[in-house]
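The values are calculated or read from the model by the stated rules, or taken from the named source; none is laboratory data. Note that the structure is predicted; figures quoted are calculated from it, not measured. In this analysis, Cβ positions are derived from the backbone assuming ideal geometry, glycine residues included, and neighbour counts consider all displayed protein chains.
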Amino acid sequence: MERNEVAAVLAYIGRLDPRTIRPGTGEARDQIAQWHELLGEVPFATAHGWDVREAIRAHVLASPYAILPVDVARKWHAYRRDRLNRHTDPTPTADPDDWAAWRAELVASRQAVATGTAEPSTHRQIVGGSPHPDVEARLAAVGSCIPPTVRAELARYRPARAAREAAVAAGHADALGVPCRWCHADAGEPCRSRRLGLDGSARGNAPRTRPHPTRVDLAVAELARQEAV
């Protein structure tokens, strides 16, 4: 902040907390010099969330003690740390072989985030929203996020999944798409071979390679209902 901004900050503080007002001209000048010395690198406000007046108001509401310049400086440093902790360095556009330009671009990016002139980069963060149009177009072209060649290689390691996908591709009913009323397996889960003991308790719960016939019948009926609609 410049000296005139520091003077405006002190005037604002004086309205909220009259204890900080210095009536004498010399005392007010010394107070401005002291605050400017400690807050010279602290901006008055930024485009992304920082406003020194908000920090001052929060202190006045939370603390019975008069605010000091170090209180404002600490809030500013906490704001900087929070933004840098949420920032992921984007890949510089400079030539990687030109290490000086590469480093300069990284430093400039971090400095912009730290000073509040740019938002933290969240390109590695899980965010909400719809997929990018390029991703949607590619999925529409290949039909899946797994390429066909990779899916073919994986088929031998997951035969049950491969058989299910082949049945769906051939237009047959997806037995695992509905719950099983016999073994109570949820949709998407394989059926279980449950053996009951003489006391009625389950003695086994091994997964089956084939779904129960009642589940297949239910899937066929569900497919017919969807086609009818």
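Below, the figures for the structure above:
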| item | result |
| --- | --- |
| Test for Ala28: is it assigned to a loop (DSSP other than H, G, I, E, B) and surrounded by 13 or more Cβ atoms within 10 Å (Cβ to Cβ) | no |
| Selected residue [closer than 30 Å to Ala47 by Cα, modelled with pLDDT under 80 and not aliphatic (A, V, I, L, M)] from Pro120, Pro131, Pro148 | Pro131 |
| Every residue from the stretch 44-91 that is surrounded by 17 or more Cβ atoms within 10 Å (Cβ to Cβ) and assigned to a loop (DSSP other than H, G, I, E, B) | Trp50, Ile67, His87 |
| Output for the stretch 77-107, where each listed residue is among the β-branched types (Val, Ile, Thr) and closer than 30 Å to Phe44 by Cβ | Thr88, Val107 |
| Among (1) touching a helix residue (DSSP H, G or I) at 6+ places or on another chain (Cβ under 9 Å); (2) exposed (fewer than 15 other Cβ atoms within 10 Å of the Cβ), the one test that Arg15 misses | (1) |
| Residue match in the stretch 36-54 (condition: of a type in the set (Lys, Arg), closer than 28 Å to Leu16 by Cβ and free of Cβ contacts under 8 Å to residues at least 40 places away in the same chain) | no |
| Complete set of residues in the stretch 1-12 that are part of a loop (DSSP other than H, G, I, E, B) and buried (at least 16 other Cβ atoms within 10 Å of the Cβ) | Met1 |
| Residue list for the stretch 96-121, filter: within 22 Å of the chain's Cα centre (by Cα) and small (Gly, Ala, Ser) | Ser109, Ala112, Ala114, Gly116, Ala118, Ser121 |
